[in-house]
Amino acid sequence: MGSRKRVVIIGGGFGGLYAAKALSRADVDVLLLDKTNHHTFQPLLYQVATAGLNPADIATPIRHILRNQDNCTVLMAEVARIDVGEKRLYFAPGYDGDVEVVPYDYLIVATGATHSYFGKAHYARLAPGLKTVDEALLIRQRIFMAYEAAEREPDEQERKALLTFVVVGAGPTGVEMAGALAEIAKKTLVHEFRRIDPSAARILLLEGGPRILATYPEKLSAKAQKSLEGLGVDVRTNTRVTEMDDDGVLIGEERIPTKTIVWAAGVAASAVAKSLGAPLDKAGRVEVTKELSIPGHDEVYVIGDLAAFEHDGQPVPGVAPAAVQSGRHAVKNILASIRGEPRTPFHYVDKGSLATIGRARAVADLHFAKLSGFPAWIAWLLIHILLLIGFKNRFLVLVQWAWAYFFFDRGSRLIHGMVTPKKAEAPALPSSRRPAELAMTSPAGREEASVSAPRN
């Protein structure tokens, strides 16, 4: 390996992407790995799922974002496991079945979170969550196929089931999904069918806790619930789904016939975290030190949704600003280590929380102000526009939102292809194959020696 240190970043979300950008002027070689080729603006995935936006409006190729960063190489690859003792990581088998091994000097793990179904794995097929573009497109298919099927269904009870939409979990994602589903039924589709009345669709939002938006002040939670109910959403708190199947959900003794269920009830850390050998919390997140590294390995950092880190006695939330801040701080500590300087603790700056409920309806806890209604919706809109990557996406999203605001139109309602949810767990490393060596070429064109494959 050359004299320059190699920093490997796993994950092209907010944490990984901003960590890579923070290394743009550093005298290091950066390798960013992601199992997709794009960065996704996850807070707006529900807009893709409800046909307000197209995937390309909120997703940008990672290579394009980092095209001018000469010290950064981007590879589309899925990491199967990490060997912190040998300072190397293993890719999942490629197209040819080979397993590649990548050495590192410093590692930033930013693989984010996936869905938690609380031990009921069969829920994943029945109730997709909302973490990826594929999942958003799958949910979009199910929503609009339900209306199409209802238009052809002669049986009244079957039509009612098709026009019943259940959202499980009333955090920001669940609240935003439920509000968007209500707007689709009451505004977008109301004049487009002849045999059914879309406005008669039933939208249920189920929350296991005592109130929706539990991390928000109680006053804002109450206003959000009132707004949802004003849109016709049936909001039920202290309500837990006990079972579900292809024909509905069970809440205690009550059965709700439905064909469309959206899961927004829980998150779990990605499977690759287990291979780090570090302590994990109940959700599978890595318990990091105050510098964001794992205990006993100052060269390995875990950031974003994957890190279990407390701020003022409370867990740091899994939101974009937290991922960005932790990514930048991990880089700061890596560069300090390279220079032989002491590392510094991470301090999260909480800038507040926002959730939209529908057209001109939102709640915002900005600490210095608690907003609801139209002012909160404007704040939500502006902040999300600014956080999008690239001027083109910002412009297109702003134009489409303006059009939807004035005309109640959701233009991205095409039903095409067959989208299936991805498996939650990373594939295991095959024991029968000898890992192949991966020779890395730096931006300057020099080939670095790869680490030899481990002996049997």
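The values are calculated or read from the model by the stated rules, or taken from the named source; none is laboratory data. Computed from a predicted model, the values in this text were never measured in an experiment. Cβ coordinates were reconstructed from backbone atoms using ideal geometry, including for glycine residues, and neighbour counts include every protein chain displayed.
Please tell me if Lys290 is part of a loop (DSSP other than H, G, I, E, B) and either surrounded by fewer than 21 Cβ atoms within 10 Å (Cβ to Cβ) or of a type in the set (S, T, N, Q) (or both).
For Lys290, the condition - part of a loop (DSSP other than H, G, I, E, B) and either surrounded by fewer than 21 Cβ atoms within 10 Å (Cβ to Cβ) or of a type in the set (S, T, N, Q) (or both) - is met.
Kindly indicate whether any position in region 65-72 is closer than 16 Å to Gly327 by Cβ and touching an Asp or Glu at 6+ places or on another chain (Cβ under 7 Å).
no
Could you please give the count of residues in region 162-190 that are small (Gly, Ala, Ser) and in contact with a Ser or Thr (Cβ under 9 Å, 6 or more places away or on another chain)?
5
Select from region 199-221 the residues that are polar (S, T, N, Q) and under 23 Å from the mean Cα position of the chain (by Cα) and write down the one among them that is farthest from Ala182 (Cα to Cα).
So the residue we want is Thr215.
Kindly evaluate Gly119 against the criterion of being part of a loop (DSSP other than H, G, I, E, B), of a type outside the set (A, V, I, L, M) and over 16 Å from the mean Cα position of the chain (by Cα).
Yes: the conditions hold for Gly119.
Quick check: is even one residue across region 149-169 over 27 Å from Gln314 (Cα atoms), buried (at least 21 other Cβ atoms within 10 Å of the Cβ) and within 24 Å of the chain's Cα centre (by Cα)?
yes
Give region 1-59 a look and list any residue that's over 19 Å from Ala322 (Cα atoms) and of a type in the set (Lys, Arg), or say none.
Correct list: Arg4, Lys5, Arg6, Arg25, Lys35.
Each row is one residue, and each column tells you yes or no for (1) in a loop (DSSP other than H, G, I, E, B); (2) in the same structural domain as Leu107 (by TED's automatic domain parsing); (3) closer than 30 Å to Ile385 by Cα.
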residue: Val324; (1), (2), (3): no, yes, yes
residue: Ala330; (1), (2), (3): no, yes, yes
residue: Ile334; (1), (2), (3): no, yes, no
residue: Ser337; (1), (2), (3): no, yes, no
residue: Pro342; (1), (2), (3): yes, yes, no
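Out of region 72-116, which residues are modelled with pLDDT of 95 or more and on the phi > 0 side of the Ramachandran plot?
Correct list: Lys87 only.
Give region 293-308 a look and list any residue that's part of a loop (DSSP other than H, G, I, E, B) and surrounded by 22 or more Cβ atoms within 10 Å (Cβ to Cβ), or say none.
Hit for region 293-308 is Ile303, nothing else.
Tell me yes or no: at least one residue of region 258-267 is over 25 Å from Leu306 (Cα atoms), at pLDDT 95 or above and over 23 Å from the mean Cα position of the chain (by Cα).
yes
Matching residues to (1) on the phi < 0 side of the Ramachandran plot; (2) under 21 Å from the mean Cα position of the chain (by Cα); (3) modelled with pLDDT of 65 or more:
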{"site": "Thr356", "(1), (2), (3)": "yes, yes, yes"}
{"site": "Gly373", "(1), (2), (3)": "no, no, yes"}
{"site": "Ile385", "(1), (2), (3)": "yes, yes, yes"}
{"site": "Arg394", "(1), (2), (3)": "yes, yes, yes"}
{"site": "Ile415", "(1), (2), (3)": "yes, no, yes"}
{"site": "Gly445", "(1), (2), (3)": "no, no, no"}
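Please determine, by comparing only the residues of region 336-354 that are hydrophobic (A, V, I, L, M, F, W, C) and surrounded by fewer than 19 Cβ atoms within 10 Å (Cβ to Cβ), which one is modelled with the lowest pLDDT.
Filtering first and then ranking leaves Val349.
So, in region 65-94, of the ones that are without any contact (Cβ under 8 Å) to a residue 60 or more places away in the chain and more than 29 Å from Ile294 (Cβ to Cβ), which residue ends up farthest from the chain's Cα centre (by Cα)?
It comes out as Asn68.
What number of residues within region 350-376 satisfy the criterion of being in contact with a His (Cβ under 6 Å, 6 or more places away or on another chain) and part of a strand (DSSP E or B)?
Counting residues in region 350-376 that are in contact with a His (Cβ under 6 Å, 6 or more places away or on another chain) and part of a strand (DSSP E or B) gives 0.
If you scan region 153-181, which residues turn out to be touching a Gly at 6+ places or on another chain (Cβ under 8 Å), hydrophobic (A, V, I, L, M, F, W, C) and either assigned to a helix (DSSP H, G or I) or outside the structural domain of Leu205 (by TED's automatic domain parsing) (or both)?
Ala161, Ala180, listed by residue number.
Report, by residue number, each residue of region 176-229 that is closer than 25 Å to Trp263 by Cβ and of a type in the set (Asp, Glu).
Result: Glu176, Glu183, Glu207, Glu229.
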